[in-house]
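Following: one structure in C-alpha cells, then a few remarks.
Throughout, read-outs are computed from the coordinates displayed, never taken from laboratory work. Because the structure is predicted, anything quoted here is derived from the model rather than measured. Positions of Cβ are generated from backbone atoms using ideal geometry, with glycine treated the same way; all protein chains shown enter the neighbour counts.
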Amino acid sequence: MVTRHLTKIGVLSLGKILGTVYAIMGLIFGAILTLMSLGMGSVMGNEGAFAGLLFGAGAIIALPVFYGIMGFVGGIITAFVYNVATGFIGGLEIELE
C-alpha cells in the first residue's frame with residue numbers, strides 16, 4: 001500500500017463530473033415525475049390529462065437541465081473550498097495498491 005495526498009482538485013473537472021451525475025439523476029427523477037403526472041392526470045379526466053401531460057413533459061426536460069446546472073455550480077464551489085482548505089490543513093490521505 002502506498003499513501004498519497006490529494007492536495008488539489010480541478011475546479012472545472014469536478015464541476016463537469018457533478019453536473020453530469022446530477023443531470024442523470026434529474027433525468028431519472030423527471031421520468032418518475034412524468035409517469036406519476038400522467039397517471040394522476042388520467043384519473044382527473046380530460047383537463048387533468050392535459051395538465052398531467054404538460055407538467056410531465058416539462059419535468060423530463062426541466063429537471064435534468066436544472067439538476068445539471070446545480071451540480072456543476074455545486075462541484076465548482078466544493079472544489080474551490082477543498083483547495084482553500086488543503087492550503088491550511090493539508091490534503092486528503094488516500095491509500096493505493
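Go ahead and estimate [θ] at 222 nm for the chain from helices alone: -39,500 (n - 2.57) per DSSP H run with n ≥ 4, summed, over the residue count, rounded to 500. The partial results should precede the final answer.
Numbers: 2 runs with 77 residues, N = 97.
Using -39500 (n - 2.57) per qualifying helix, the result is -29500 deg cm²/dmol.
Relative to the longest principal axis of the Cα atoms of the chain, the long axis of helix 46-89 lies at roughly 10 degrees. Based on the convex hull around the alpha carbon atoms, the chain presents an average projected area of 8.0 nm².
Once the Cβ-Cβ distance of residue 4 and residue 66 is raised to the sixth power relative to R0 = 30 Å, the FRET efficiency obtained is 0.25.
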